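Here's the structure, in C-alpha cells; my notes come after.
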Amino acid sequence: MLCTSNLTTNPAVFSRLPYDTIRDFTPIVVIYSSPTVLFTGPDQPYRTVRDVVEAAKRRPGMAAASSGVATSGHFATEMFMRAAGVELTHVPYRGAMPAVQDVIGGRVPITFSTLSGVIALARDGKLRPLAIAAPRRSKVFPEVPTMAEAGFPIRDTSPWYSFVAPAGLPTPLLDRIVADVQGLLQRPDVIARIEESGGVVEGEGPAAFRARIPREIAINTEVARAANIHIE
C-alpha cells in the first residue's frame, strides 16, 4: 500500500479505528516528504512570520485556512499558535485548493499548506511563502526561512509518503522491496523529479520507519488533545 502520514495522525484523532497501526502493518520505506509551508496571499501586507504574529496579536481570532480537520496544515496551525502565543481561528476546507484559492483571493489571510500541492501557484507569485515548517529550507525556495529560523519553532509537520504491507511480510520479500525502492531513490532523475515538485527524498528503511510510527503517534496525540482535534 502507498501510505501517507495519516498512518500516525489517524490514531491521534479517531476514537476508534478498524485496524491497529502498530500490529497490522509492516513498515517498508518512507519514500519522500513534502514540507508544510506558511503561505499568505499576494495582496496581504505580511512579509515575515513576525508580521503575521504581530497582526494576530492586534486582532485575536485572525483566520487561518487549512485543507481540513486533522491535516498537516491543521496540526501546524495549532502548533504555531502555541509557539507564537496567538489566537487564530482555524478554517477547515474540503481540500487544499479551496483553501488556497480563498487565501489568493484575500478572503483568508494565511494558510499552512503542503508545498507539493501548491508549488505552481507559489512559483507564479499567487501565494507568498513565509516559512517552512520543516527542519531544513526547501531547495525550491531556498530564500524562505524555516519556522525555527523565523523565531517560532514547531515540530516538523511535513506529510510523508511510504510503502507499507500487511503484518508478517516475509523477510526476503521485505528486503527485496526495500532494496528496489531505495535504489530508485538514489537515481538522479528520480531525485530531480521529487525535488522539482517541492518534495524531499527520504528513503528511510524498515527499522527507522517502524520507530517513527509510535513516536509520531505520541506527538500527534499530544497536539490533538491540547487543541481538541478529534473526528468521530
Options Gln182, Gln186: the member that is assigned to a loop (DSSP other than H, G, I, E, B) and farther than 19 Å from Val118 by Cα: Gln186
Which numbered condition Ile213 misses (of (1) under 12 Å from Pro11 (Cβ atoms); (2) modelled with pLDDT of 95 or more; (3) open to solvent by 40 Å² or more (accessible area, probe 1.4 Å)): (3)
Identity of the residue in the range 138-153, open to solvent by 20 Å² or more (accessible area, probe 1.4 Å) and of a type in the set (A, V, I, L, M), that ends up nearest to Val201 (Cα to Cα): Val140
Residues being part of a helix (DSSP H, G or I) and either at positive phi or surrounded by 13 or more Cβ atoms within 10 Å (Cβ to Cβ) (or both) - total across the range 219-232: 6
Condition met for Thr8 (β-branched (Val, Ile, Thr) and assigned to a helix (DSSP H, G or I)): yes
Selection count, the range 67-87, where residues are under 17 Å from Ser113 (Cα atoms) and either of a type in the set (Phe, Trp, Tyr) or in a helix (DSSP H, G or I) (or both): 10
Qualifying positions in the range 68-78 - surrounded by fewer than 24 Cβ atoms within 10 Å (Cβ to Cβ) and not β-branched (Val, Ile, Thr): Gly68, Ala70, Glu78
Which listed residue, of Ala99, Ala64, is within 20 Å of the chain's Cα centre (by Cα) and in a helix (DSSP H, G or I): Ala99
Any chance Ala122 is of a type in the set (A, V, I, L, M, F, W, C), touching a residue at least 60 places away in the same chain (Cβ under 8 Å), touching a Pro at 6+ places or on another chain (Cβ under 8 Å) and assigned to a loop (DSSP other than H, G, I, E, B): no
Residue ID - modelled with the highest pLDDT, chosen from residues in the range 123-137 that are closer than 20 Å to Val200 by Cα, open to solvent by 10 Å² or more (accessible area, probe 1.4 Å) and not basic (Lys, Arg): Pro129
Near pairs, Cβ below 8 angstrom, 6+ apart or cross-chain, from the range 196-224 (in contact (Cβ under 8 Å) with a residue 24 or more places away in the chain) to any residue that is among the acidic types (Asp, Glu) and part of a helix (DSSP H, G or I): Val201/Glu195; Val223/Glu78
Residue within the range 141-161 that is within 13 Å of Ile31 (Cα to Cα), assigned to a strand (DSSP E or B) and not hydrophobic (A, V, I, L, M, F, W, C) present: yes
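The values are calculated or read from the model by the stated rules, or taken from the named source; none is laboratory data. Nothing here was measured: the structure is a model prediction, and the numbers come from that model. Neighbour counts are summed over all protein chains in view; Cβ atoms, including those assigned to glycine, are modelled from backbone coordinates with ideal geometry. For the accessible areas, the whole protein counts, side chains as well, though only heavy atoms, and no ligand, DNA or RNA atoms are used. Shrake-Rupley method; radii C 1.70, N 1.55, O 1.52, S 1.80 Å.
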